[in-house]
Amino acid sequence: MKILDSIKSPEQLRLMDAALLPQLCDEIRHTIISTISKTGGHLGSSLGAVELITALHYVFNTPEDKIVFDTGHQAYAHKILTGRLSKFNTIRKKGGLSGFLKIYESPYDTFGAGHASTALSAALGMAMARDQKKENHKVVAVVSDGCMTGGLAYEALQNAGQLKPNMLVVLNDNQMFISKRVGALGSFLTKLLTAKYVAAAETEATKFMSNFEIGNNALKLAYRARSILFSGALFAELGFRYYGPVNGNDIAEMTDVLSKIKDIPGPVILHVVTKKGKGYPPAEEKPTKYHGLGIFDAETGETIGKSDKITYTKAFSDALLKLAKEDKNITAITAAMPEGTGLNAFRDAHPDRYYDVGIAEEHAATFAAGLATQGIKPIVALYSSFSQRCYDQIQQDICLQNLPVVFALDRAGLVGEDGPTHHGVFDLSLFRNIPNLIIAAPADENELQHLLKTAFDANKPFILRYPRGSAEGVAMDKEMKVLPIGKGHWMKKGKDLTILAIGNRVYPALKAAEILKEQGINAGVINMRFAKPLDVKIIKEAVKISPNLVSVEDNVLAGGFGSAIAEALADNGLKADLLRLGVKDNFVEHGKQAELYEDIGLSAQEIAKAAAKKFK
């Protein structure tokens, strides 16, 4: 029987002989690899954090002691050790475990973790609440090195240094973001790992170890290349005691060090070094590829079931390269996601015009604004759900000054298995209210390339949003062209009703029209292309044909595309009966994209059913 099968909770884990922990970690790692090969998910970070997480639950009295994770994709071992082993094969499946942390999934998930740089603020809040209530439990924040580039992390650090609560921050340093680490902080952390810096800390390490009653083995630990103490100047200035770097993939070292520092008063940082993809050679060799991936062969590491169609991300990447070849002022910016946004090709082709600012979307937006003031043509490529973090910068620094910055928002709409933290279903509602801003969404990959050219030609703030995954498989025009801004396109006309669709719901709307035709309902379809400015002229044409309208969008209904249609009807005195279809007022859980669109009524079948019911 495997050791892991007998561990139903951290309480049982803490009863184990420490000598068995290495075998347990191997079993956890094997479970993660074999499961994620069948379900897809975030692999590399979770493999690297197995020993760290096991040690935390072994040393701390969870769930009374609170462990707060930054970015939940490092926490699969946490799920396995906290009573969810039997359900781990359901991870990221509809109705199964979330790929991230959720406070309503387990009492051990103390705070939701989907976006980065939040753990320090949340953990500080928990620590101060504990002190207000005069309780005694521990609070630990587990923060990956990439998350330390986010401004929110530093706001929390300076506040913690001021308040000085008893609080441990574990800096999980795997020398990577999703892609390679960038920025000054990355250089600083690298310095802490070099021999000369560690050597300079040996005296301090000896002093630190002398505070404990320890044997020779522990004392030798202090003198190893990765000693357990280094006076990190940056963190010390912020009011933290800094210890490390330590080997986060050595379970004995981790349990020993955590046991010795957990009762040190005040804010403490433990710098832990882990290897992304640890224990799985394909993930160790290609950590960026194996950060997150679909189903793969566990033996070979090769992915399974790839679509032959081009992805929207690839269509964007190819189009941007063509445009940048012709225009030397086009400059690309991303926030630690070159591969995810398709900017890795631009980076390789034009390194002098490419900027990765780390996990700092707010800075990316205002940085782009600064470039734009000097005649550069910046494009900021983000995931839609991450763009939410820079609303103020888009409004104040870009649109108020009417600066020509293009935003390419990948993963618009439902992203699938990553779930509610990553669904890009709020951007239309968030940004449609901002003056000077143009918002467009292509129906397919060919329209995407034309709209990208249109975005640069507009010379105004411009958002281009497009979905995750395979595109429609349409033929690509050899030459890109500028499309008229604020103009929709009739796909087909019908006398009984008209479906006004935008983005990746245009083709399902066309299929819905075919289904309705079989039921004797003649439905037209308009590809609206632009959520702002809205094509009021084409809406008037539709109302003349039939007052029955259906709006379809992959965005929340509140304040979205359908709301824009309703406003246009009211403002222009148009008498029409409008059925709005989109994401209702709730968070959509995880599952396959097709499953989710069916569930929320945005598949072709469900669009047709809703239209038929409404207009009979």
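Gly112 meets the conditions (1) surrounded by fewer than 23 Cβ atoms within 10 Å (Cβ to Cβ); (2) closer than 17 Å to Asp263 by Cβ; (3) of a type in the set (Gly, Ala, Ser) in every case but one. The failed one is (2). Flag set for Val415, criterion: within 16 Å of Val556 (Cα to Cα) and either out of contact with any Cys (no Cβ under 7 Å at 6 or more places or on another chain) or open to solvent by 10 Å² or more (accessible area, probe 1.4 Å) (or both). If the condition is being in contact (Cβ under 8 Å) with a residue 40 or more places away in the chain, of a type in the set (S, T, N, Q) and farther than 22 Å from Gln449 by Cβ, then region 357-415 contributes Ser385, Gln388, Asn402. Of all residues in region 475-514, those that are within 16 Å of Val525 (Cβ to Cβ) and among the aliphatic types (A, V, I, L, M) total 11.
Would a scan of region 557-575 turn up a residue that is in contact with a Phe, Trp or Tyr (Cβ under 8 Å, 6 or more places away or on another chain) and not aromatic (Phe, Trp, Tyr)? No, region 557-575 contains no residue that is in contact with a Phe, Trp or Tyr (Cβ under 8 Å, 6 or more places away or on another chain) and not aromatic (Phe, Trp, Tyr). Just so you know, in region 351-394 the residues that are assigned to a loop (DSSP other than H, G, I, E, B) and at negative phi include one that is least open to solvent (accessible area, probe 1.4 Å), and it is Ala360.
Looking only at region 238-258, residues that are open to solvent by 10 Å² or more (accessible area, probe 1.4 Å) and either closer than 16 Å to Gln23 by Cβ or without any contact (Cβ under 8 Å) to a residue 12 or more places away in the chain (or both) come to 5 in all. With respect to the conditions (1) outside any helix (DSSP H, G or I); (2) without any contact (Cβ under 8 Å) to a residue 60 or more places away in the chain; (3) closer than 25 Å to Lys616 by Cβ, Ile521 lacks only one, and its number is (2). Looking at region 99-107, is at least one residue at pLDDT below 95, open to solvent by 40 Å² or more (accessible area, probe 1.4 Å) and within 19 Å of the chain's Cα centre (by Cα)? Scanning region 99-107, I find at least one residue that is at pLDDT below 95, open to solvent by 40 Å² or more (accessible area, probe 1.4 Å) and within 19 Å of the chain's Cα centre (by Cα), so the answer is yes. In summary, Glu339 fulfils each of the numbered conditions (1) open to solvent by less than 50 Å² (accessible area, probe 1.4 Å); (2) modelled with pLDDT of 75 or more with the single exception of condition (1). Residues that are open to solvent by 60 Å² or more (accessible area, probe 1.4 Å) and either within 28 Å of the chain's Cα centre (by Cα) or of a type in the set (Asp, Glu) (or both) within region 7-40 comprise Glu11, Asp17, Asp26, His30, Lys38, listed in sequence order.
The residues in region 65-83 that are open to solvent by 10 Å² or more (accessible area, probe 1.4 Å) and of a type in the set (D, E, K, R) can be counted, and the count is 2.
Whenever a residue of region 77-94 is in contact (Cβ under 8 Å) with a residue 12 or more places away in the chain, its partners that are aromatic (Phe, Trp, Tyr) and open to solvent by less than 10 Å² (accessible area, probe 1.4 Å), lying with C-beta atoms within less than 8 angstrom and at least six residues away or across chains, give the pairs His78/Phe69; Lys79/Phe88; Ile80/Phe88; Phe88/Tyr76; Ile91/Tyr76. Take Ala455 and tell me if it is assigned to a helix (DSSP H, G or I) and either more than 26 Å from the chain's Cα centre (by Cα) or touching a residue at least 12 places away in the same chain (Cβ under 8 Å) (or both). In short, yes.
Within region 480-516, the set of residues being open to solvent by 60 Å² or more (accessible area, probe 1.4 Å), farther than 24 Å from Pro461 by Cα and of a type outside the set (A, V, I, L, M) comprises Lys492, Lys493, Lys495, Lys511, Glu514.
The residues in region 568-609 that are assigned to a helix (DSSP H, G or I), among the aliphatic types (A, V, I, L, M) and open to solvent by 30 Å² or more (accessible area, probe 1.4 Å) can be counted, and the count is 2. Restricting attention to region 261-287, the residues that are touching a helix residue (DSSP H, G or I) at 6+ places or on another chain (Cβ under 6 Å) and more than 23 Å from Asn159 (Cα to Cα) add up to 9.
If you go through region 429-443 and keep only what is touching a Gly at 6+ places or on another chain (Cβ under 6 Å) and outside any loop (DSSP other than H, G, I, E, B), you end up with just Ser429. For region 131-145, how many residues meet the condition of being open to solvent by 10 Å² or more (accessible area, probe 1.4 Å) and touching a residue at least 12 places away in the same chain (Cβ under 8 Å)? Final tally of qualifying residues: 4. Asp477 meets all of the listed conditions (1) of a type in the set (D, E, K, R); (2) farther than 28 Å from Ala558 by Cβ; (3) surrounded by 24 or more Cβ atoms within 10 Å (Cβ to Cβ) but one, namely (3). Considering the conditions (1) open to solvent by 20 Å² or more (accessible area, probe 1.4 Å); (2) closer than 22 Å to Gly486 by Cα, Asn522 is excluded by exactly one of them, (2).
The values are calculated or read from the model by the stated rules, or taken from the named source; none is laboratory data. Only a predicted model underlies this, so the values are computations on that prediction, with no experimental measurement involved. For neighbour counting, all protein chains shown are included, and Cβ atoms are generated from backbone atoms with ideal geometry for every residue, glycine included. Surface areas here come from the heavy atoms of the whole protein model, side chains and all, with no ligands, DNA or RNA. Shrake-Rupley method; radii C 1.70, N 1.55, O 1.52, S 1.80 Å.
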